[in-house]
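**Q** Submitted below is the structure of interest, expressed as structure tokens.
The values are calculated or read from the model by the stated rules, or taken from the named source; none is laboratory data. Keep in mind the model is a prediction, meaning the values are calculated, not measured. Ideal geometry is used to build each Cβ from the backbone, glycine not excepted, and the neighbour counts take in all protein chains shown.
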Amino acid sequence: MKIAILPGDGIGPEIVAQAVRVLERLRADGLPIETDTAPLGGAAYDQYGDPYPEATQKLVRAADAVLLGAVGGPQYDTLPRDMRPERGLLRIRKDLNLFANLRPAVLYPELAGASTLKPEVVAGLDIMIVRELTGDIYFGQPRGVHINAAGEREGFNTMRYSESEIRRIARVAFGIAQKRNRRLCSVDKANVLECTEFWKEIVSDEARHFPDVELSHMYVDNAAMQLVRNPKQFDVIVTGNIFGDILSDEASMLTGSIGMLPSASLDERNKGLYEPCHGSAPDIAGRNVANPLATILSLAMMMRYTFGREDLARRIESAVQAVLARGVRTADIYEPGSDKVSCSGMGDAVMAAL
Ligand code: NAD
Ligand code: IPM
Ligand code: MN
């Protein structure tokens, strides 16, 4: 199990350190884990003048799986776009062909009171958001800022999806739905955008191969509303890159905190990059208060999807559940009466439960 570790920026190194403790425990138990660390994002720009430098490219291409913290920070926001941390993240996703981003919004019952929604609205929540990750307006050309025909400066991006890009993400989503409650909701803006009307047409066509899955369609604005009105109506959601980015942050609050939402970004052969859905949280970086559970749960997803070790995924998830059941809480999921711990304190609790 060759695992590349990319701590990144901001809280990245703090949360990844806690996940690495879990990895080391699995290694001590006899798993053949080999790890190597490299910079990505701002840390890589500082060291190499490139947010995705060659040393990192070499390491992640040779690895079976990648564990990433997060990238970005205000000190990098005025760099030329190609030098920015976020560009490093987009490049690694594209380079490794990680087109399928799985973001499971699962409520641990112990956190029903930590959500900003009423406990009965979120109790039992278990949604899988399947976000296409290497296409859409994120990568579409042309893009930029130019002088338009009226002589005025104008910014533009292009939303594009090829048929094959839509088919392959649709097949992943249908496949996941088959193993769950067999309901798939495709989210689009087909009433306005041709690109997403095409998305809807192709997803509907792929449904022929999955007759046991019930496919529905929803406009993204309605989906944003339905996610807070009645989130449990959803089983699997499939959507494009930008809608998936936004809806998954929204869904994270249903689980109590964005610090709880893990993710897997997979290629055709289940090589994967695993990272929390949140960012580098510059507002709390360096204070040892961030919630490391999304990163630790991303490691569970790595065991499940890349290494096919459902048993180890469950072992990590059970340890997290046990810790929450004991009332151990970082600040973002704190409730009066619970036991408030730091980032490394949460790591200690998970290690003890493991
Ligand atoms: P963010 O997710 O970093 O933070 C949003 C809010 O959530 C902040 O108040 C933060 O303190 C809180 N938060 C996030 N993770 C937390 C955790 N684990 N525990 C407790 N609280 C947590 O989003 P942002 O502020 O919009 O972006 C900050 C930087 O991160 C930007 O540079 C952005 O581009 C980058 N970013 C990177 C990734 C990534 O690497 N995958 C994802 C999103 C944003
Ligand atoms: C995420 C982030 C990234 C995205 C940014 C940092 C490029 O928000 O992983 O959700 O938009 O995909
Ligand atoms: Mn995001």
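**Q** Out of everything in region 232-247 that is β-branched (Val, Ile, Thr) and surrounded by fewer than 24 Cβ atoms within 10 Å (Cβ to Cβ), what residue ends up being farthest from residue 139 (Cα to Cα)? Walk me through it before giving the result.
**A** Of all residues in region 232-247, those β-branched (Val, Ile, Thr) come to 236-239, 242, 246.
From the residues that got through so far, the ones that are surrounded by fewer than 24 Cβ atoms within 10 Å (Cβ to Cβ) too are 242, 246.
Working: 242: 11, 246: 17 Å.
Applying the filter and picking the extreme gives 246.
**Q** So, residue 68, is that one touching a Gly at 6+ places or on another chain (Cβ under 7 Å), among the hydrophobic types (A, V, I, L, M, F, W, C) and part of a strand (DSSP E or B) or not? Please lay out each step first, then the result.
**A** Details: touching a Gly at 6+ places or on another chain (Cβ under 7 Å): yes; among the hydrophobic types (A, V, I, L, M, F, W, C): yes; part of a strand (DSSP E or B): yes.
Taking the combined requirement at face value, the residue satisfies it.
**Q** Another question about this same structure. Name the residue that is surrounded by the most Cβ atoms within 10 Å (Cβ to Cβ), counting only residues in region 94-118 that are of a type in the set (S, T, N, Q), touching a helix residue (DSSP H, G or I) at 6+ places or on another chain (Cβ under 9 Å) and assigned to a loop (DSSP other than H, G, I, E, B).
**A** 115
**Q** Between residues in region 1-18 that are outside the structural domain of residue 271 (by TED's automatic domain parsing) and farther than 15 Å from residue 66 by Cα and residues that are at pLDDT below 95 and assigned to a strand (DSSP E or B), which pairs lie under 6 Å by C-beta distance while being six or more apart or on different chains?
**A** Between residues of region 1-18 that are outside the structural domain of residue 271 (by TED's automatic domain parsing) and farther than 15 Å from residue 66 by Cα and residues that are at pLDDT below 95 and assigned to a strand (DSSP E or B), there is no close pair.
**Q** I've got another one for you. Which ones in region 189-211 are among the hydrophobic types (A, V, I, L, M, F, W, C), touching a strand residue (DSSP E or B) at 6+ places or on another chain (Cβ under 8 Å) and in a helix (DSSP H, G or I)?
**A** Residues satisfying the conditions are 199, 203, 207.
**Q** Also, I was wondering about something else. What about residue 266, is it under 22 Å from the mean Cα position of the chain (by Cα), of a type outside the set (S, T, N, Q) and within 19 Å of residue 100 (Cβ to Cβ)?
**A** The answer is yes for residue 266.
**Q** Any residue in region 123-133 that is within 28 Å of residue 291 (Cβ to Cβ), within 16 Å of ligand 2 (Cβ to nearest atom), assigned to a loop (DSSP other than H, G, I, E, B) and assigned by TED's automatic domain parsing to the domain that holds residue 244?
**A** For region 123-133, residues within 28 Å of residue 291 (Cβ to Cβ), within 16 Å of ligand 2 (Cβ to nearest atom), assigned to a loop (DSSP other than H, G, I, E, B) and assigned by TED's automatic domain parsing to the domain that holds residue 244: present.
**Q** Considering (1) in a helix (DSSP H, G or I); (2) within 14 Å of ligand 1 (Cβ to nearest atom); (3) surrounded by fewer than 24 Cβ atoms within 10 Å (Cβ to Cβ), say which one residue 283 fails and leave the rest.
**A** Residue 283 satisfies all of (1) in a helix (DSSP H, G or I); (2) within 14 Å of ligand 1 (Cβ to nearest atom); (3) surrounded by fewer than 24 Cβ atoms within 10 Å (Cβ to Cβ) except (1).
**Q** Considering only residues of region 248-273 that are in a helix (DSSP H, G or I) and within 11 Å of ligand 2 (Cβ to nearest atom), which is surrounded by the fewest Cβ atoms within 10 Å (Cβ to Cβ)?
**A** 249
**Q** Sticking with this one: Spot the failing condition for residue 9; the list is (1) farther than 19 Å from residue 263 by Cα; (2) buried (at least 22 other Cβ atoms within 10 Å of the Cβ), and only one is missed.
**A** If we test residue 9 against (1) farther than 19 Å from residue 263 by Cα; (2) buried (at least 22 other Cβ atoms within 10 Å of the Cβ), just (1) comes out false.
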